[in-house]
Structures are given as structure tokens and as C-alpha cells.
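First comes the structure, then the notes that go with it.
Read-outs: derived from the displayed coordinates by stated rules, not from any lab. All values derive from a computational prediction rather than experimental measurement. Every residue, glycine as well, gets a Cβ built from its backbone with ideal geometry; the counts of neighbours run over all protein chains shown.
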Amino acid sequence: MKRQAVITGLGIVSPIGVGVERFWDGALAGRSGISTPTLFDATKLPRECQIVGEVADFNVRDWMPGAAGKMAGRFSQFAVAAAKMARDDSSLDRADIRPERIKVAIGTSLSGQIDVAQSNFVSFLKGETISPWASNEYSAHAATSHVAIDAGARGQTTTFSTACAAGLDAVAWGANQVTGGDADVVIAGATEAPLSEFILSVFKSVGVLSRWLGPPEEASRPFDRLRAGLVLAEGAAALIVEDADAARARGVPIHARILGFASASEGAHLRKVDETGETVARALTLAIRKSGLEPRDIDFISAHGNSMPDYDAAETAGIKRAFGSHAWNVPVSSLKSMCGQALAASSAMQVVAACLSLRTQVIPPTVNYRVPDPQCDLDYVPNHARRARVRNVLIHAHSLGGSHVAMVLSTPD
């Protein structure tokens, strides 16, 4: 009998809360984590660079005490914290699992470019000493390595750099390792710490940052007619993926079953998106088909919803193509309305939120949805959480270069 991959542990570091309960309380309350930055002085930067989704109340000493925490890049610190939460949630450290059968997969887009690379490059330009840790901590694989070392995992470690889809890709890879019998457990997720004057200026130069002139907390407004760009954010999420029978045997609760995963690429442009939604629909349809479900079986769509006019329009069009007339009956929600665009970490955060919707039977809202857009006319669960029957959740993420990924999660039973 083929193994069934399930999720037994959740961990998250987000702009609306560090820890699963604080995160979920914030999400269901519709609390925005968008504000002005405190990590650096943005007062001399353009308005677009003064709005971010920053993680507050994070103390690395709570998760990485000693020298390792002081040397690690912020993206590695987030990853270790989220993974520790997930391990604790799944009682993994108390399980009788050989370390060689535990693998780790973490996604990231910008790795240690901020607090590691930038700071040391400034030191280089000034003729000052460069930290001997820089070459280790700058690498995208640093976060994965830290997670594996902290967990004592001795199986394969791999790092995904597929932009915003990297979190979903890591979880899907983990599911494949488990169902194929190549691992008993995979610690999977994604992490990002991209907030700095330079990186925000880079994103502004391509014209994707929100040009919203009102309060910062209203700047991320997916699917709303007044949406004017994304809000860059930071954070991490981690999940424990293992075999269902093994999880039941050791008596740990199962948050969700991973039923199917699919990806598709527009293969056309790095920045522009096909607003017909054809590739979005292809990814969604294939994921549902691989899950053995029909579109009418999906109870909730966790959308990419990054608040960019063309991306939101393309995603809406893709949902309509994939679901037909049923599209207007399926609730669609964007976590980025509250957490911002945390790049690779965002799709991993969506997985955590989907598991919590399956557990609580509540769908988080898309906040700041005030003015309907004729192009975006689906049910976006505006501004208030909604109690609903949630058995199957479809997650969608959109990456650089027109890549689209989708995953279906289902209730444990």
C-alpha cells in the first residue's frame, strides 16, 4: 500500500504573530502586520519603501541561544524558530526515528543578502574586517543547514530557490520523499528576511511596491480595485511531513493530508503575467486531478493574492477557468492582505494557515477589500473571518517567471 503523506507539525514566524496560536488569532481577527519599518531608518526613502511587513517581538535567544544565534543570519534564525515549533507540535524529538531517515527542505529567495552580505560588503568598502562567518551565513543553504543541525537530522538536506513558490515546492518535495519511502520525516518550509533600504529600492525600481498613500496597514489590498502593488515582508513557516500510519502509530495528531501537487509555467516573461489565467488554471486543475477530487470538492482557495493589479487579475481569471460556474461559490482568501509578500516564506505560511482552517473550520479574511473590481469579482471573504465547512483546501502560489504551483490539503479523515 502506498504511503500517505500528512502534516503533523506547524511552526510560524510572521508579521501578525510569532507562534501558531498568535498567528491564527491575528489572522482571524483580520489584524494587519503592515507598518513602517523599525529595522532601519526609511524616512529618507521614497514612500513605497516605507511600508513593510515586519516581524515584531522576535528574540533569537529564545530559539538559538549562544554563539550560533549571534552569528546566524536573520533568515536562518526565523527558519530554526519555525522548525523548532513544528518539531515540538509533532513531538518529533521524542519519536523513535533514526536521524538518517529525517530530511530537511527549506526554501528562500534572498537568503542572507541583507544582514550578512550587505553589512559585510559595507565593511569591505570601508577597509574593515569581514566576519569569518559571512561565507557560511550568506549561502541560501545556511538556513537548511541550521535547521538540520538543530534537529539532529542526518538525512538529505536540500534548499529550494523557486521564489514565491519555494515553500510549496519544499513541502511537495517532502511529501514525495515520504510517499516514495525515501524518508520517514521531512522538516519542510521556507524563510525570508528581505527588508533593507537597498532591497526595497530594488523592488521599487521595477515598479511592484505598493503606491498606496493612505495608512500603511491598508497598503496590501488584494483583489480590491484600489490595489497598487505588493508590500514586501519577512517571516518563516515550517511543517513536519510524515507517513500517516507512522503518525497514528506514535499517537500524534494529524493536521492535514497532502493529496496532490502540480506546477506549470507560462514560459514567457520574468515580470509580466498572462492575465488570461490559462497557466494558473492548468496548475490548479492538475493539482485537483492528482488529488482524486473534482473542482466542486474544493471548499476554500488560499490565493497567492499579492495585491499587484495584473497578478490578482490573472489569478482570478485562472480560478474561473479551472472552476467554471462553480468559481463564484468557492471562498478565496489572501493571507498577504495581513502579512504582506514574504516571498518564499509566504507559500509556506499559506500551508500553515490552510491546516488551521481545516482544524478550526474557519476561513481567514482578505482585509482591505473595500472597492469591488469588475476583473476580480469572486468571493474573497472580505474583511471578516468566516465559519464554513472546510474539508479540502487548494493553495496557489505564483513565482518569478510565470511559474504557478498548487497543492491540495484535506482533513485527516
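State, as an integer percentage, the relative contact order of the range 49-179 based on alpha-carbon contacts under 8 Å between residues 6 or more apart.
32
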- What ranking do 257, 98, 87, 225 get, fewest neighbouring Cβ atoms within 10 angstrom at the top? 98, 225, 257, 87
- Task: Return the single residue from 269, 304, 398 with maximal mean-square fluctuation; model: Gaussian network over the chain, springs between Cα atoms under 10 Å.
- Result: 269
- Message: To the nearest 20 Debye, how big is the dipole of the chain about its Cα centre, given +1 on the beta carbon of each Lys and Arg and -1 on that of each Asp and Glu?
- Response: 400
- Item | Rounded to 5, the percent of DSSP beta bridges in the chain classed as antiparallel | 70
- Query: How would you rank 104-115, 56-67, 72-83, highest first, on the average number of other Cβ atoms within 10 Å across their residues?
  - Reply: 72-83, 104-115, 56-67
- Query: Can you give the percent of C-alpha pairs in the range 345-413 whose distance is more than 18 Å?
  - Reply: 49
- Net charge of Cβ neighbours under 15 Å - reference residue 182; Lys, Arg +1; Asp, Glu -1: +2
- Task: Could you sort 349-356, 369-376 so that the peptide with the highest average Cβ count within 10 Å comes first and the rest follow in order?
- Result: 349-356, 369-376
- Message: From the Cα trace of the range 141-241, what convex hull volume per residue do you get, rounded to a whole Å³?
- Response: 132
- Query: For the range 5-249, what proportion of DSSP beta bridges, expressed in % and rounded to the nearest 5, is antiparallel?
  - Reply: 60
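Can you put 333, 139 in order, fewest other beta carbons within 10 Å first?
Numbers: 333 30, 139 19.
Lowest count first: 139, 333.
Only Cα pairs under 8 Å and at least 6 apart count here; give the relative contact order of the range 271-413 as a rounded whole percent. Before the final figure, lay out each step's value.
Numbers: 265 pairs, mean separation 45.5, N = 143.
It comes to 32 percent, rounded to a whole number.
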- Max mean-square fluctuation residue, GNM over the chain, Cα-Cα springs under 10 Å, options 122, 241, 208: 122
- the range 256-410 - share of DSSP beta bridges that are antiparallel (%, nearest 5): 75
- Relative contact order [Cα under 8 Å, 6+ residues apart], the chain, whole percent: 23
- Item | For the range 246-310, radius of gyration divided by Kirkwood radius, i.e. Rg to Rh on alpha-carbons | 1.10
- Query: When the convex hull of the Cα atoms of the range 16-101 is projected onto a plane and the area is averaged over all directions, what value comes out in nm²?
  - Reply: 8.1
- Please report the base-10 log of the normalised intensity I(q)/I(0) for the chain, using a Debye sum with one equal scatterer per alpha carbon and no solvent, at each q in 0.11, 0.12 (1/Å). -0.73, -0.87
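Could you calculate, for the range 5-249, the ratio of the Cα radius of gyration to the Kirkwood radius, expressed as Rg to Rh?
Details: Rg = 18.6 Å, Rh = 18.8 Å.
Reported Rg/Rh, Kirkwood definition of Rh: 0.99.
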- Counted neighbours (other Cβ, 10 Å), sorted fewest up, put 363, 199 in the order 199, 363
- Within the set 213, 286, 92, GNM on the chain using Cα springs under 10 Å gives the largest fluctuation to 213
- Which shape class, rounded, prolate or oblate, goes with the range 256-410 when its Cα gyration tensor gives a ≥ b ≥ c as root eigenvalues, a/c under 1.5 marks rounded, and past that a/b bigger than b/c marks prolate? rounded
- So, by mean Cβ neighbours within 10 angstrom, what's the order for 3-12, 46-55 with the highest one leading? 3-12, 46-55
